1. Could the peptides 47-56, 112-121 be put in order, highest first, of the mean number of other beta-carbon atoms found within 10 Å of their residues?
2. Determine which lysines satisfy two conditions relative to LYS54: a Cα distance under 22 Å, and not lying fewer than 8 residues away in the same chain.
Amino acid sequence: MSRVRRVLTATAMATTLTTTLAGGTAAAAGISPMGQGDKCTYNAQSMPPKLSHKGAGDKKYNNGVTENHGRVLILSTGKWPDYSAARLSGKVRKGDRVWVDISYDKGKNWQGCGGVSTDKKDKQFYSKWYRHSGSGVKGRVMRACARTTGATDNGKRVTWCANVGDVKTPSANRFWWSD
């Protein structure tokens with residue numbers, strides 16, 4: 001069994017988080033055990049010069065936006081090269097954290113990558129950037145995730161992922177973007 005597969009399998013087995021999403025409460029199967037994307041076997045990239053985001057301009061995917069606790073979470077992408085990162089904006093609080101989850105098995109196992117925390121309130125910020133598609137990247141799917149604290153959560157930290165995308169996992173109603 002390859003190191004990456006062992007890491008991804010261990011990640012999936014170690015995870016049992018509950019998260020409150022805009023549409024109600026759901027099990028957050030597959031969110032990294034730390035929930036922050038601290039350790040990643042993939043190489044981070046530099047921020048692309050021209051940015052957009054997955055689902056932009058598409059009503060079917062709610063314009064690629066997931067809103068929760070006054071914050072907006074998207075999977076930001078470069079138009080060229082095709083790198084992706086999680087972006088959190090809106091009523092961001094000090095200590096909020098974002099990262100991307102990466103899967104090679106259609107969302108059965110995830111690896112959290114590029115976790116970044118903010119040190120200020122109301123600041124838009126990004127996780128680290130990772131190649132979304134292209135040469136040498138086959139079958140990779142990604143989703144944006146966040147860990148936030150809010151008054152609506154009784155001061156507790158809540159881990160959640162974007163719930164819009166072009167692929168759906170039936171078991172947990174999770175969505176992500178494919179390459």
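1. Values: 47-56: 15.6, 112-121: 17.6.
Ranking the peptides 47-56, 112-121 by packing returns 112-121, 47-56.
2. Qualifying lysines at Cα under 22 Å: LYS79, LYS91, LYS106, LYS108, LYS123, LYS128, LYS138, LYS168.
Here, each number is a calculation from the coordinates, and none is a lab measurement. As the structure is a computational prediction, the values presented were derived from the model and not from experiment. Methodologically, a virtual Cβ is constructed for each residue, glycine included, from the backbone with ideal geometry; neighbour enumeration extends over all protein chains shown.
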